[in-house]
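> This is the structure, below, for whatever I ask next.
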Amino acid sequence: MAKGLIGEKLGMAHIFNEDGKMVTVTILRVGPCFVSQVKTTGKDGYDSIQLAFEETKETKLSKAALGHLKKANLTAKQHLAEFKGFEALEPGAELKLSDVFALNDVVKVSGTSKGKGTQGVVKRHGFAGGPDAHGSRFQRHPGSIGSNTTPGRVFKGLKMGGRTGNEKSTVRNLKVVKIDADSNLVFVSGPVPGRDRSIVTIEKIGN
């Protein structure tokens, strides 16, 4: 059986656990997903399965994408993702939330973080900045970025202002707090990457 599924982040909320304590959770709509491809070491160099999620119109996919899905007897799907660690599955097989996850499972969730545009060093890297008064004119500046005459250049990788967010991000060691199998909803403790309605992958950690 696969160790992960594709889902959609719906938002955050508070719920009360069995001990009566309030827990901050992220609500994910997970699955159902369908096996669109099975990869093997002999043919592809490694073992994994590719899952497809979310119905869409055929006109929104290329002919190549439609042909790929039709090999597994699937209709047009909007999102694909690969997962390793699985038992034998056949192309076209359906995987539901309850087939993979259970209460108290420890999981990791991957998605694309929120884009924040171009930011300075204080917001992007957590620089402290300079004094906030007395005419310092150094409140949120990065400071000197050069070196001495030798080598007389700015080193690659220096922390500076620039594009922030909008990149692949993973949060690990989240706990499955609640499952609503009828609505394909899973509640995980804490925040996960991405804006509401964004696509994420959720995978079990360990056995």
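> Quick one: which residue in Gly67, Gly92, Gly111, Gly126 is surrounded by fewer than 14 Cβ atoms within 10 Å (Cβ to Cβ) and either β-branched (Val, Ile, Thr) or in the same structural domain as Asp47 (by TED's automatic domain parsing) (or both)?
Answer to the selection: Gly67.
> Let me confirm something: among Arg195, Arg140, Arg163, which residue is more than 21 Å from the chain's Cα centre (by Cα) and either touching a residue at least 12 places away in the same chain (Cβ under 8 Å) or not in a loop (DSSP other than H, G, I, E, B) (or both)?
Arg140
> Here is a check on your reading of the model: is Leu74 touching a residue at least 12 places away in the same chain (Cβ under 8 Å), crowded, with 16+ Cβ neighbours inside 10 Å and of a type outside the set (Asp, Glu)?
Considered against the rule, which asks whether it is touching a residue at least 12 places away in the same chain (Cβ under 8 Å), crowded, with 16+ Cβ neighbours inside 10 Å and of a type outside the set (Asp, Glu), Leu74 comes out as yes.
> Still on this structure, I have one more. Only one of (1) in contact (Cβ under 8 Å) with a residue 24 or more places away in the chain; (2) part of a loop (DSSP other than H, G, I, E, B) fails for Leu80. Which number is that?
Single failed check for Leu80: (2).
> Checking the structure you have, find out if any residue of segment 62-77 is assigned to a strand (DSSP E or B) and closer than 22 Å to Ile179 by Cα.
Looking through segment 62-77, none of the residues is assigned to a strand (DSSP E or B) and closer than 22 Å to Ile179 by Cα.
The values are calculated or read from the model by the stated rules, or taken from the named source; none is laboratory data. Just so it is clear, the structure is predicted and the values come from calculations on it, not from any experiment. Cβ atoms come from the backbone with ideal geometry, glycine included; neighbour counts cover every protein chain shown.
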